[in-house]
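Undergrad: One structure is given below, represented as structure tokens, and several questions about it will come after.
The values are calculated or read from the model by the stated rules, or taken from the named source; none is laboratory data. Nothing here was measured: the structure is a model prediction, and the numbers come from that model. Quick reminder, even Gly has a Cβ in these numbers, built from the backbone with ideal geometry, and neighbours come from all protein chains shown. Accessible surface is based on the protein model in full, side chains and every heavy atom, while ligands, DNA and RNA are left aside. Shrake-Rupley method; radii C 1.70, N 1.55, O 1.52, S 1.80 Å.
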Number of protein chains: 2
Amino acid sequence: MRNPARWAATLGLTATAVCGPLTGAAHATGPAPTALYAPSALVLTVGHGETAAAAAPERAVTLDCATRPTGTHPAPLAACAELRAADGDLDALDARAGVLCTREYNPVVVTVDGVWQGQRVSYERTFANECVRISHGALFTF
Amino acid sequence: MRNPARWAATLGLTATAVCGPLTGAAHATGPAPTALYAPSALVLTVGHGETAAAAAPERAVTLDCATRPTGTHPAPLAACAELRAADGDLDALDARAGVLCTREYNPVVVTVDGVWQGQRVSYERTFANECVRISHGALFTF
């Protein structure tokens, strides 16, 4: 939080995550990971508000998908499967068909930070209410 | 005890005793977390380079310190203990006394992202080489 360069990097990565999900792995930078498995370790938070900057994290869970799915996330297996199916593109995780939610506006914001398949992730997504959040699948349900 | 003034004084002191400690959380920003334990979930990465923006994450581990220390970090118990002792101030984690490292400059950068005691964390620290990194304690040794 104290390093302006770090903030700039985070903002840059966020911009990449938001604006460039369709480019696949083309935005990889720097040397390739050397481990047998590319690291995939994430921390997810949820809080009430429109942006992460304005919302205190009410819950925070970890999720590791590098080998055996694990973490304090309540459903690591399903969450990692969703991420793999979406090739790490968090914006591609859409609402499940057949789930009905009210139109109440009581926004909740989810953040996902860490590494997916060796690429840094800094992601934030706001849902209109808790029902809408949970309707978006296992990853966002914690 | 039958004196109303005495009763009032007793009640006042009891209220102070019960409510007083809560003011210790005065440095929290935004709405207070609602969970019984303030969330403390982190993801740590390490890569070769001077900045996280320039260094691909070669390893990434999770660490959850909210209740029982857990995660893919190799020493969750010691890592959480260090964080608690430093009150979450990552810059306060200093090199252990008596560890000697070469002056070789082959920088490694560690990032720590997530939540500590309900507060968001986005931290980056560069060490001159691997030996210097590991000399800084259990948290940075993964």
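Undergrad: Using just the alpha carbons, could you tell me how many Å³ per residue the convex hull of the stretch A:33-142 encloses?
TA: 91
Undergrad: Give me the net charge of A:ARG120's neighbourhood, meaning all other residues with Cβ under 10 Å from the Cβ of A:ARG120; Lys, Arg count +1, Asp, Glu -1.
TA: Overall, the nearby charge balance is -2.
Undergrad: How far apart, in nanometres, would the label points at A:ALA53 and A:CYS131 be if each is projected 7 angstrom from Cα along the Cα-to-Cβ direction?
TA: Output for this residue pair reads 3.1 nm.
Undergrad: Related question: Work out the mean other chain Cβ neighbour count within 10 Å for the residues of B:114-123 and drop it here as an integer.
TA: Shielding by partners across B:114-123 averages 6.
Undergrad: Could you put A:ARG103, A:ARG68 in order of accessible surface area, largest first, with the 1.4 Å probe and the full protein assembly present?
TA: My answer, sorted largest first, is A:ARG103, A:ARG68.
Undergrad: Another one. Please list, in order along the stretch A:77-86, the HN-Hα scalar couplings obtained from phi with the Karplus expression 6.51 cos²θ - 1.76 cosθ + 1.60 (θ = phi - 60°), rounded to whole Hz, x for Gly and Pro.
TA: 3J(HN,Hα) across the stretch A:77-86, in whole Hz: 4, 5, 5, 5, 4, 4, 5, 5, 4, 8.
Undergrad: How high is the FRET efficiency from B:LEU36 to A:GLU104, r the C-beta distance, R0 35 Å, rounded to 0.05?
TA: Efficiency for this residue pair is about 0.85.
Undergrad: Once the label point is placed 7 Å from Cα along Cβ, list for B:LEU36 the distances to the corresponding points in the other copies, in nm, shortest first.
TA: Those separations, rounded to one decimal, come out as 3.9 nm.
Undergrad: Shielding of B:107-113 by partners, i.e. mean partner chain Cβ atoms within 10 Å per residue?
TA: Averaged over the peptide's residues, the number is 3.
Undergrad: Quick one: with label points 7 Å out along Cα→Cβ, list the inter-copy distances for A:LEU100 in nm, shortest first?
TA: Spacings between copies for this position, smallest first, are 7.5 nm.
Undergrad: Something else: Please report the spacing between the Cα centers of the stretch A:85-142 and the stretch B:63-93 in Å, no decimals.
TA: A separation of 28 Å, based on Cα centres.
Undergrad: Counting only other chains, what is the mean number of Cβ atoms within 10 angstrom of the Cβ of each residue in peptide A:71-79?
TA: 2
Undergrad: Taking the Cβ-Cβ separation of A:ALA81 and B:THR67 as r and a Förster radius of 35 Å, what is the calculated FRET efficiency to the nearest 0.05?
TA: Efficiency, rounded to the nearest 0.05: 0.85.
Undergrad: ³J(HN,Hα) across the stretch B:46-54 via Karplus (A = 6.51, B = -1.76, C = 1.60, θ = phi - 60°), whole Hz, x for Gly/Pro?
TA: Per residue, the Karplus-derived 3J(HN,Hα) values read 9, x, 8, x, 8, 9, 4, 5, 9 Hz.
Undergrad: Mind ordering B:132-139, B:37-44, A:129-136 by average Cβ neighbours within 10 Å, highest first?
TA: B:37-44, B:132-139, A:129-136
Undergrad: Quick check: net charge around B:VAL132, other residues with Cβ under 10 Å of its Cβ, Lys/Arg +1 and Asp/Glu -1?
TA: 0
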